[in-house]
Every structure is written in C-alpha cells, then in structure tokens.
C-alpha cells in the first residue's frame, strides 16, 4: 500500500489551506511511490528542497511527512507485524479511546484514493 503524487498533492493543499496534521495514523505502513520530477514538484510546493533527501522508491512515508505536512507524531495500525506497524490491531475490533483527533490516511491496494478526515478513536 502506498501514497502516490496526487495523494501527497492533495494532502499538501489541505495543509496549506489550514488542515492540521500534527498527529497522523495510517492504516498499514504507507510507502511513497514517487518519480524524480514528482519529488521536485512536491519539494517546490512546500518550499523545502531537502524534504526528500535520501529518498528511495518505496520508502515508508513516516520520515517525509514532517517536512511535507508538519507531522509531529505518526502511528501505523496493521493486523500483523509484517511491515513493522507501531500498533498491531485487528480493525474489526474497537480501538481504545485516544485523547485527541488524528488524521487517518488510508490507501486501498486496488485504487489510489486517500481518505482524509478527523477521527476520534
């Protein structure tokens, strides 16, 4: 599962128009699938030419989201340990209550549309 150029463009636009992404949760670990010209365009969008320094195709998104969206804390939720998620949890079961809103990023494997909404567990 991963985020592509248009997903990140949408998230950056949301951030630039006031959305706060201090705390983020992802369903599964999200990889970035970006070509060199897309990296340059996204870097220009956020005014940070070094945001993707060291990027390799398929890197997980966590280390790049702070430079792109101002993320301070990120957790990943997955049903198994295969991708080293920070929380192993069966999403068919209720989650414990967390005290503040999170932004939930999800990517279905069959299609590339991000779901972005305030979420209270």
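Where a number appears in this text, it was derived from the coordinates with a stated rule and is not lab data. Owing to the predicted nature of the structure, the values given are computational and were not obtained by experimental measurement. A quick note on method: Cβ atoms are made from the backbone with ideal geometry, for glycine too, and the neighbour counts reach across all protein chains shown.
Segment 57-80 to segment 34-51: how many Å between their Cα centroids? After rounding, the separation between the Cα centres reads 16 Å.
What FRET efficiency comes out for the pair residue 83/residue 35, r = Cβ-Cβ distance, R0 = 25 Å, nearest 0.05? Numbers along the way, then the final one.
Numbers: r = 23 Å, r/R0 = 0.91.
My answer for the efficiency is 0.65.
Residue exposure proxy: 1, 91, ordered by other Cβ atoms within 10 angstrom of their Cβ from fewest to most, comes out as 91, 1.
Could you tell me whether segment 1-95 comes out rounded, prolate or oblate from its Cα gyration tensor? Rule is a ≥ b ≥ c as square roots of the eigenvalues, rounded for a/c under 1.5, then prolate if a/b exceeds b/c, otherwise oblate. Prolate, because a/c is 1.5 or more and a/b exceeds b/c.
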